[in-house]
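Below: the structure, in structure tokens.
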Amino acid sequence: FWGSQALMLDPMAGGGSIPLEAARLGLNVVANEYNPVACSVLGATVDLPFRYGKDLGRKARKWATVWRERFVVRMDSFYPDEGLSVPDGYIFARTVPCPDTGRPTPLVPDWSLSRASGKPHIVAEPVAIDNETGAWTIRVRQVGRGAGQLRQAPAPTYSRGKGWSLFTRSELSGDYIKAMAQQGRMGHRLYAVITKSVKRDFRPPETRDFAALAAAEAELARLRPRWEAEGIIPTEERFKGDCDRSYVYGITTWASMFAPRQLLAAGVLVEELRRLEPEIVAAEGAEKGAAVVHLLAFVLDKMLNHNGIASKWECTRGVIKGKFDRHDFAFRATFGELAACASGAGLAWAADNVLTAYGKIAELPRAQLVEPVTVQQGSATNLWQLADGSVTAVVVDPPYADNVQYSELADFFYVWLK
């Protein structure tokens with residue numbers, strides 16, 4: 001009915017669900033988007049799968065393996081192994097000085113480690129509290145009525161913006177916590193290690209865990225001046241927008257959204273991908289090589305989303321949830337960290353997640369004759385590239401407007417992708 005010249009336009013295409021379906025039908029499609037992060041997503045969603053198919057995903061997996069091997073060589077010592085039961089992740093609490101003792105006291109809204117439906121409720125019980133030294137650890141306990149079990153979970157030390165000292169139970173007002181954070185006196189402390197052998201388990205941190213964290217912080221301090229000069233880690237201040245609820249907690253730059261070991265891992269990933277890019281291009285050719293790097297950049301994004309101080313250990317599912325499980329920059333009193341070098345976890349998981357998603361898009365049924373979507377970046381108010389009367393149909397979802405601070409949230413990825 002429309003003929004071979006039918007052209008469909010989505011002037012605010014976002015991640016590309018409308019252009020993807022139109023392209024699968026065999027239509028000529030233009031996807032316009034103003035935000036550069038969304039444009040990058042569009043390229044991997046509606047251009048590369050139609051241009052290169054599943055083969056690109058296979059090549060990206062090959063190079064992701066090389067990238068991971070080089071990353072592990074540099075980072076493995078900062079994630080100490082323990083034989084058969086290997087670390088699968090880490091759980092941290094933000095801390096502020098106790099007003100009575102001056103010792104860092106943890107802000108923990110829920111001590112649960114595992115609370116899956118129909119399974120035992122496992123918690124971290126804080127013990128060995130010493131007001132003089134500020135030393136404390138945890139015992140892994142089951143909540144229940146059986147012998148040796150806790151009758152109820154330990155009391156939280158943080159709720160609705162205010163806290164309580166672990167040492168004296170003195171109340172910490174919301175203003176006090178924010179003031180400590182803004183003075184640079186909010187820290188963080190590892191309090192549980194997630195392990196995995198036959199099944200997932202938990203243990204308190206040991207001396208080697210704290211030593212590895214200290215070594216990672218020292219390595220970051222050594223590399224950071226050069227990394228900042230070369231643009232390997234972002235130095236920009238964050239925009240204080242309506243979606244921001246963490247700025248008042250001293251998280252004022254993009255780099256400050258990561259604990260030292262997390263930031264070290266991110267910087268090594270960027271540096272090693274930069275070093276690998278010429279090899280990829282030399283082996284795959286300029287266009288296909290750039291496409292491989294494009295996909296690997298989203299592996300970095302996946303890691304960043306799940307490996308920052310706004311990521312979360314989800315005790316009901318047994319996973320580390322990404323920052324963007326909600327559309328804001330909410331402050332989180334506890335956070336999860338990936339075991340970045342672990343086999344099948346960390347970077348290996350991120351690569352498999354991203355490249356499996358690409359492969360599934362490339363496998364979707366489609367018309368016999370299809371073309372990649374034309375992706376262009378610019379304002380929907382001035383589509384100068386399109387001739388008058390050239391568009392058969394405009395199909396668009398409404399923009400988010402004030403419901404979601406799209407640009408500010410996308411900047412989390414933009415400062416790394418650039």
For the pair R58 and E21, the simple spin-label estimate (label points 7 Å beyond Cα toward Cβ) gives in nm 3.1 nm
Near the amide H of H121, under 5 Å away, which other amide H atoms are found, from residues 5 or more places off or on another chain, if H is placed in the peptide plane? V143
Take the Cα radius of gyration of the stretch 259-344 and divide it by 2.2 N^0.38 Å, with N its residue count; two decimals is plenty. 1.29
Computed lengthening from V395 to E217, 0.36 nm per intervening residue step minus Cα-Cα distance: 59.1 nm
Probe 1.4 Å, protein heavy atoms only - accessible area per residue of the stretch 1-66 in square angstrom: 43 Å²
Globularity ratio of the stretch 1-136, using Cα Rg and 2.2 N^0.38 Å: 1.82
Which net charge results for the neighbourhood of T356, defined as the other residues with beta-carbon distances under 13 angstrom from its beta-carbon, given Lys and Arg at +1 and Asp and Glu at -1? +3
Positive dipole terminus of the chain, leading residue within W254, T356, A393 (C-beta point charges): T356
Sequence order, the stretch 331-342: Karplus ³J(HN,Hα) from phi using 6.51 cos²θ - 1.76 cosθ + 1.60, θ = phi - 60°, Hz rounded, Gly and Pro as x, gives 6, 10, 6, 10, 8, x, 10, 6, 7, 4, 9, 5
With each label point set 7 Å from Cα along the Cα-Cβ vector, what nm distance links N382 and Q368? 4.4 nm
Quick one: accessible surface of M303, probe radius 1.4 Å, all protein chains present, in square angstrom to the nearest 10. 10 Å²
Normalise the Debye intensity by I(0) for the stretch 233-377, one equal point scatterer per Cα, no solvent, then take log10 at q = 0.09, 0.16 Å⁻¹ and round to two decimals. -0.37, -1.01
Calculate what fraction, in whole %, of the accessible area of the stretch 10-121 sits on carbon and sulfur atoms when a 1.4 Å probe is rolled over the protein chains. 53 percent
Cα gyration tensor category, rounded, prolate or oblate, for the stretch 214-293 with a/c compared to 1.5: oblate
Find how many whole Å separate the alpha carbon centroid of the stretch 178-201 from the alpha carbon centroid of the stretch 49-72. 33 Å
Of V143, P372, M75, whose Cα points farthest to the positive end of the dipole of the chain (charges on the beta-carbon: +1 Lys, Arg; -1 Asp, Glu; origin at the Cα centre)? V143
Phi angles of the stretch 143-159, converted by Karplus (6.51 cos²θ - 1.76 cosθ + 1.60, θ = phi - 60°) into ³J(HN,Hα) in whole Hz with x for Gly and Pro, give 8, x, 10, x, 4, x, 9, 6, 6, 8, 5, x, 5, x, 10, 7, 6
Computed FRET value (nearest 0.05) for R226 with R151, which takes r as the C-beta separation and R₀ as 45 Å: 0.25
Is there a quick way to get the dipole size of the chain? I mean about its Cα centre, with the Cβ of Lys and Arg at +1 and of Asp and Glu at -1; what is the value in debye to the nearest 20? 1420 debye
Expressed in square angstrom to the nearest 10, the accessible area of R139 with a 1.4 Å probe stands at 120 Å²
Compute the projected area of the convex hull of the Cα atoms of the stretch 159-303, averaged over all viewing directions, and report it in nm² to one decimal place. 13.3 nm²
Any idea of the accessible area per residue across the stretch 184-290, 1.4 Å probe, to the nearest Å²? 47 Å²
Descending Cα extents along the principal axes, the stretch 110-204, whole Å: 44, 29, 28
Taking placed amide H atoms and a strict 5 Å upper bound, the residues 5 or more places from R103 or on another chain that come that close are C98
Taking the chain on its own, what percent of its Cα-Cα pair distances exceed 31 Å? 46 percent
Rounded to the nearest 10 Å², what accessible area does K288 have for a 1.4 Å probe in the complete protein model? 50 Å²
Any idea how far apart A283 and R139 come out in nm if each label point goes 7 Å out from Cα toward Cβ? 5.3 nm
Which sequence of S311, S117, S170 reflects their accessible areas, 1.4 Å probe, from the largest down? S117, S170, S311
Neighbour net charge for A181 - beta-carbon separation under 13 angstrom, K R +1, D E -1: +4
Measure off, as a whole percent, the carbon and sulfur share of the 1.4 Å-probe accessible area of the stretch 187-343, all protein chains present. 51 percent
Gain upon complete extension [E69, A128; 0.36 nm per residue less C-alpha separation]: 17.3 nm
The ³J(HN,Hα) series, computed from each phi in the stretch 359-369 with the Karplus coefficients 6.51, -1.76 and 1.60 at θ = phi - 60°, rounded to the nearest Hz and given as x for glycine or proline, is x, 5, 5, 5, 8, 4, x, 8, 5, 5, 10
Rounded to the nearest 0.05, what FRET efficiency do S159 and K418 have when you use their Cβ-Cβ distance and R0 = 41 Å? 0.60
In whole angstrom, note down how far apart the Cα centers of the stretch 17-32 and the stretch 143-162 are. 53 Å
Can you give the % of DSSP beta bridges in the chain that are antiparallel, to the nearest 5? 75 percent
Counting Lys and Arg as +1 and Asp and Glu as -1, each charge on the Cβ, what is the dipole of the stretch 132-201 about the Cα centre in debye, to the nearest 20? 380 debye
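The values are calculated or read from the model by the stated rules, or taken from the named source; none is laboratory data. Nothing here was measured: the structure is a model prediction, and the numbers come from that model. Don't worry about glycine lacking a Cβ; one is built from the backbone with ideal geometry, like all the others, and counts go over all protein chains shown. These accessible areas exclude ligands, DNA and RNA; they are computed on the full protein's heavy atoms, side chains included. Shrake-Rupley method; radii C 1.70, N 1.55, O 1.52, S 1.80 Å.
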